[in-house]
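Working notes, beginning with the structure itself.
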Amino acid sequence: MYYVSWTDLGFVRRSLFGTILTVAGSHQITSDEYVFVHLLAIILLAACTTLLLWFFLRHQELWMEPWLPVIVFLSPAFVLHLAYATGSLDSVIVVLFLICAIYVRKIAWLTVITVAGILVHE
């Protein structure tokens, strides 16, 4: 999904994320594109869990209900889904969503990240 070309719309690849990967040359880290996609999926999954874990650690009031972090991290819609969604753009969207929902407080940054999210998704 990262490497389908949509050159008619000005992208090197299907989405902004694929274009960034291609222009940066990061897809040449390994000789096998499947290995690269799995490495990238691991990095994005680690970024998602780190962003959320950092949020939980900074807000101790959320630990009053000890099952809340367990439910969030083991939810079928979060870590488990992203672990099986190798090669899709869901992980990138979740990273951008977590940044917007948890950390961004200024409307200008929210707009920029939202537009980037739309271009990443397609």
At 1.002 mPa s and 20 °C, Stokes diffusion of segment 78-118 via Kirkwood alpha-carbon radius, µm² per second: 197
Tail weight of P(r) past 17 Å, computed on alpha-carbon pairs of segment 12-72, percent: 56
Length-normalised contact order for segment 10-122 - Cα pairs under 8 Å, 6+ apart - percent: 32
Solvent-accessible area, 1.4 Å probe, carbon plus sulfur percent, for the chain: 72
The chain, helix-only ellipticity at 222 nm - DSSP H runs n ≥ 4, -39,500 (n - 2.57), divided by all residues, nearest 500: -18500 deg cm²/dmol
The chain: DSSP helices with Cα axial extent of at least 27 Å and average Kyte-Doolittle hydropathy no lower than 1.6: 33-58
Most to least packed among 112-118, 85-91 [average Cβ atoms within 10 Å]: 85-91, 112-118
Å² per residue, accessible surface of the chain at 1.4 Å: 65
Kirkwood-type radius of the chain, with distances r between different C-alpha atoms, in Å: 15.8
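The values are calculated or read from the model by the stated rules, or taken from the named source; none is laboratory data. Source: prediction; values computed, not measured. Cβ: placed from backbone, ideal geometry, glycine included. Neighbour counts: every protein chain shown. Heavy atoms of the whole protein, side chains included, go into the accessibility calculation; ligands, DNA and RNA do not. Shrake-Rupley method; radii C 1.70, N 1.55, O 1.52, S 1.80 Å.
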